[in-house]
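See below for the structure under consideration.
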Amino acid sequence: MSDHNDRSTPSRRALLKGGGLALAGAGLYGVAPFMGPWKHNRVWAQTAQKKPLVIGLTMDASGQYAASGGEERLGAMMAIKEFNDKGGVLGRRIEAIHIDTETTPATGSRVAERMITRNEASFLIGAVHSGVANAISQVAQKYGTIFLNTNSSSPTEAGKDCHRVKFVWDGNGTNFSNATVKNAIAASGRNWVLLTNDYVWGHTTSKATRAIVEANGGKIVDELLVPQNTRDFSSYLLKLQQLKPNVVATAVGGDDIKALRQQVVQLKLNQSMAWINNQQDWPDVYGLGPETIFGVFGTTWYYRLDLPGVKEFVAAYQKQFPGMAIRVPGNVYHNGYMATRELLRCVEEAGTTQNIAVIKKLEGRQMKAVDRLQHHDAWMDPLTHQCQQTIYMARYNDAPAEKDDIFKILTQADPKDVQDKDAGAACKLESYEATPSYEV
Amino acid sequence: MDFLAQLLPHVVNGVSLGLLFALIALGFMLIVGVMETINLAHGSLFALGMYVALFIAAPQLGMFPELQASYMALPVSLRYLLALLLAPVFVGIFGMGLELCMRRTYGRDPLYGLLLTFGAALVIEEGIRLVWGSSEKQIPLPEAISGAVLLGDLIYSRYRFFASGFAVLMIFVLWLFLQKTPYGAIIKAGAHDSEMVRALGINLSRLRLFVFGLGVALAAIAGVVLAPIWGVRPHVGVDAVVPAFLIIVLGGVGSLWGAVIAGLMVGMVVGLTGAYASEWSLMSMYLLFIAVVTFRSRGLFGKKSVLDA
């Protein structure tokens with residue numbers, strides 16, 4: 001008999017108290033690696049020293065958007081590699097550092113603070129979750145560090161939460177709703193139910209959908225809010241069966257939409273009502289069986305667009321990242337790549353990493369369709385800092401040319417036709433003077 | 001009447017959800033009840049159960065493609081059955097290894113045990129990422145328990161009925177084991193007065209090893225059963241351990257029937273709020289917890305230990 005049994009046993013109450021505190025305090029496994037408090041000794045090095053240019057990659061590697069975080073990271077890494085192969089930018093090699101933002105806003109803030117103050121990151125790139133993007137951008141604005149929101153598509157990101165240092169590269173919920181809703185009312189019916197992820201992206205996207213549905217004679221029968229990380233949609237799906245809408249418009253993302261899709265198919269509800277998913281990120285459907293990709297959805301890019309350069313872009317991905325679970329790039333990778341490449345081009349053109357000079361290069365920037373591998377020219381709106389780009393509507397491809405060819409592109413909308421008209425009024429960018437000067 | 005007709009499917013759904021919650025909490029309850037150890041790795045072991053089941057049901061044997069092909073030629077139902085039976089055994093043995101590591105924490109400040117199991121949770125989760133990757137996976141299901149069934153004018157998932165039935169079976173088997181077998185009597189006695197049990201010549205260390213292994217195996221069973229509903233992800237354990245903790249406190253620490261009834265209550269509350277006030281559906285379980293613990297701090301059946309039930 002071992003001697004440890006002789007010691008006094010703590011009371012059950014103490015045990016539970018400790019357990020509860022541990023669960024609550026640690027935020028369970030969501031607990032971040034300890035990263036602070038940091039002493040803010042900012043010693044900005046001079047560019048003349050030709051030290052490496054550090055780019056902080058603030059992408060999720062865990063949580064609801066881990067899969068998308070991984071893909072956009074590859075996109076950014078590819079753009080950085082291309083520049084490094086040419087000798088870097090302004091004669092400086094580019095070093096990328098990555099810390100997992102855990103799909104958690106508090107972690108996003110902490111990571112951004114660390115990258116700026118400890119790692120002396122010149123720029124921050126990466127976000128999928130709008131709460132994380134907003135948190136990072138607040139820290140970035142405090143220091144004047146340019147931040148590229150690569151894949152978070154809440155209308156608030158280039159609306160009320162816009163910042164001078166933040167540039168948003170994804171289409172937003174309003175763009176996608178503008179592209180889908182009118183046709184869907186005509187094709188499927190007027191009674192709609194909104195299924196909304198209960199955080200800022202879900203709310204703002206569904207708000208945009210509601211406005212467009214009602215403006216076009218449709219009716220929102222009900223809106224069901226889905227808490228983040230919901231895995232069991234049974235009560236929602238029962239409710240939908242009772243409501244019997246013509247169309248279900250979902251603003252559900254990440255792992256949640258995967259679970260939802262599987263459960264909808266189990267109940268065959270994809271056959272009894274029309275489904276529209278505002279935006280469908282590639283990593284969220286890749287690998288799911290064909291039966292779970294139903295309804296109509298929006299995207300900003302597809303790997304089989306019949307455009308010059310697309311095949312080479314895909315081949316470069318496959319060469320650089322062989323053996324990846326996701327064998328062909330999707331919209332999330334595309335956004336990560338295009339955003340990073342454009343930033344580095346702007347640095348080169350500005351001839352400096354000084355933030356205001358680079359910001360001015362990015363604002364209003366025109367990007368040719370052929371360069372971005374899309375159907376229409378894109379531009380960076382100087383009033384909202386959102387990239388206005390082609391929006392594609394797609395559905396499952398019944399006649400795939402190959403295993404990965406799971407989308408059928410139905411239409412492509414000119415960015416001018418789907419622009420978020422309310423964003424300009426909601427966005428109040430800080431002045432250049434109010435934005436701290438920043439150069440590393 | 002119309003309201004009742006509308007409500008009934010959600011009540012059925014709530015009961016089914018509650019049974020699954022109870023299943024998740026069983027192993028946690030057993031370990032806390034007998035060993036007075038909060039096993040924060042419960043969720044990760046739940047996730048590990050899913051992944052081991054995935055490996056058994058649909059292995060990826062990159063270096064042995066022929067072996068994989070011949071194994072995958074077996075009927076899905078057989079592979080699923082093997083997963084359901086073997087995954088808990090393997091994970092239970094793994095859990096026994098964890099218990100051996102925990103021995104030095106017994107009788108000390110509970111924080112030692114908490115920290116150890118918390119660390120184990122992180123290691124297991126990261127280990128899963130290393131071996132299986134971060135992306136979500138699905139366990140193939142036999143046709144007999146997949147698809148939908150039509151009841152009235154509503155469609156239900158057939159698998160939900162299977163999972164709920166299986167949860168009832170597990171609860172009954174555990175009750176039978178604790179109440180009707182000499183091993184159950186020893187476990188109950190160990191929970192009640194471990195010193196006396198030891199004085200009677202029973203090897204307490206072996207008892208704890210067995211109980212911990214059983215609790216972990218139950219976590220793995222819950223993982224295998226929940227996998228087709230929640231999906232297989234490395235961080236899925238977080239979704240399991242928080243309700244498990246809440247349910248055992250709500251039901252009264254160590255009470256088997258307390259855990260079952262608390263699980264049903266949580267399922268009902270989550271199911272009904274999901275239908276009628278969906279934004280409250282996750283928070284509702286915590287509100288229920290606060291409401292009960294405010295008036296009955298030892299939980300619903302806290303007076304009795306599990307093992308007196």
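The values are calculated or read from the model by the stated rules, or taken from the named source; none is laboratory data. Treat the numbers as computed from the prediction; the structure is a model and nothing was measured. We place every Cβ from the backbone using ideal geometry, glycine too, and count neighbours over all the protein chains shown.
Observations
- Filtered residue count, the range B:1-42, keeping only those that are of a type in the set (Asp, Glu) and either modelled with pLDDT of 90 or more or in contact with a strand residue (DSSP E or B) (Cβ under 9 Å, 6 or more places away or on another chain) (or both): 0
- Among residues of the range B:107-131 that are facing another protein chain (nearest Cβ under 7 Å), those with a Cβ under 7 angstrom from a residue that is aromatic (Phe, Trp, Tyr), sequence gap 6+ or separate chain, pair up as B:ALA121/A:TYR29; B:LEU122/A:TYR29; B:GLU125/A:TYR29.
- Residue in the range B:224-243 that is out of contact with any strand residue (DSSP E or B) (no Cβ under 8 Å at 6 or more places or on another chain), closer than 24 Å to B:GLY95 by Cα and more than 13 Å from every other protein chain (Cβ to nearest Cβ) present: yes
- Hey, A:ALA121 over 14 Å from the mean Cα position of the chain (by Cα), of a type in the set (A, V, I, L, M), at pLDDT 95 or above and not in a loop (DSSP other than H, G, I, E, B) or not: no
- Meets criteria (in contact (Cβ under 8 Å) with a residue 40 or more places away in the chain, touching a Lys or Arg at 6+ places or on another chain (Cβ under 8 Å) and within 14 Å of another protein chain (Cβ to nearest Cβ)) for B:SER164: no
- Any chance B:ARG233 is over 20 Å from B:LEU82 (Cα atoms) and surrounded by fewer than 23 Cβ atoms within 10 Å (Cβ to Cβ): no
- Residues that are at pLDDT below 90, within 24 Å of the chain's Cα centre (by Cα) and of a type in the set (A, V, I, L, M, F, W, C), drawn from the range A:179-199: A:ALA179, A:VAL181
- Candidate set: the range B:253-266, residues that are buried (at least 24 other Cβ atoms within 10 Å of the Cβ) and at pLDDT 90 or above; chosen: the one farthest from the other protein chains (Cβ to nearest Cβ): B:VAL260
- Evaluating A:GLU291 against the criteria (1) farther than 13 Å from A:TYR396 by Cα; (2) part of a helix (DSSP H, G or I) leaves one unmet condition, (1).
- Restricting attention to the range B:7-42, the residues that are under 14 Å from the mean Cα position of the chain (by Cα) and part of a helix (DSSP H, G or I) total 17.
- Residue match in the range A:241-262 (condition: closer than 16 Å to A:ILE391 by Cα and touching a strand residue (DSSP E or B) at 6+ places or on another chain (Cβ under 8 Å)): no
- Any hit, the range B:220-241, residues being among the basic types (Lys, Arg) and over 19 Å from the mean Cα position of the chain (by Cα): no
- Of the strands (runs of 3 or more DSSP E) lying entirely inside the range A:330-440, the ones with 1 or more residues being within 29 Å of A:VAL310 (Cβ to Cβ) and polar (S, T, N, Q) are found at A:407-413.
- Residues of the range A:199-219 that turn out to be in contact with a strand residue (DSSP E or B) (Cβ under 6 Å, 6 or more places away or on another chain) and surrounded by 21 or more Cβ atoms within 10 Å (Cβ to Cβ), as a count: 6
- Residue that is of a type outside the set (S, T, N, Q), touching a Ser or Thr at 6+ places or on another chain (Cβ under 8 Å) and part of a helix (DSSP H, G or I), where the choices are B:GLY263, B:GLY237: B:GLY237
- So A:ALA112, is it over 16 Å from the mean Cα position of the chain (by Cα), among the hydrophobic types (A, V, I, L, M, F, W, C), modelled with pLDDT of 95 or more and not in a helix (DSSP H, G or I): no
- Residue among A:TYR303, A:TYR392 that alone is in contact (Cβ under 8 Å) with a residue 60 or more places away in the chain, surrounded by 21 or more Cβ atoms within 10 Å (Cβ to Cβ) and farther than 27 Å from A:ASN134 by Cα: A:TYR303
- Every pair of residues 6+ apart whose Cβ atoms lie under 9 Å, when the first sits in the range B:12-23 and is more than 12 Å from B:VAL225 (Cβ to Cβ) and more than 11 Å from chain A (Cβ to nearest Cβ) while the second is among the hydroxyl-bearing types (Ser, Thr, Tyr) and surrounded by fewer than 24 Cβ atoms within 10 Å (Cβ to Cβ): B:VAL15/B:SER164; B:GLY18/B:SER164
- Condition check for B:VAL269: part of a helix (DSSP H, G or I), at pLDDT 85 or above, in contact with a Ser or Thr (Cβ under 8 Å, 6 or more places away or on another chain) and more than 10 Å from chain A (Cβ to nearest Cβ): yes
- Scanning the range B:257-303 for residues that are among the hydrophobic types (A, V, I, L, M, F, W, C) and farther than 20 Å from B:ALA240 by Cα yields B:ALA275, B:ALA277, B:ALA291, B:VAL292, B:VAL293, B:PHE295, B:LEU300, B:PHE301.
- Residue among A:ASP232, A:ASP222, A:ASP255 that is without any contact (Cβ under 8 Å) to a residue 40 or more places away in the chain and crowded, with 22+ Cβ neighbours inside 10 Å: A:ASP232
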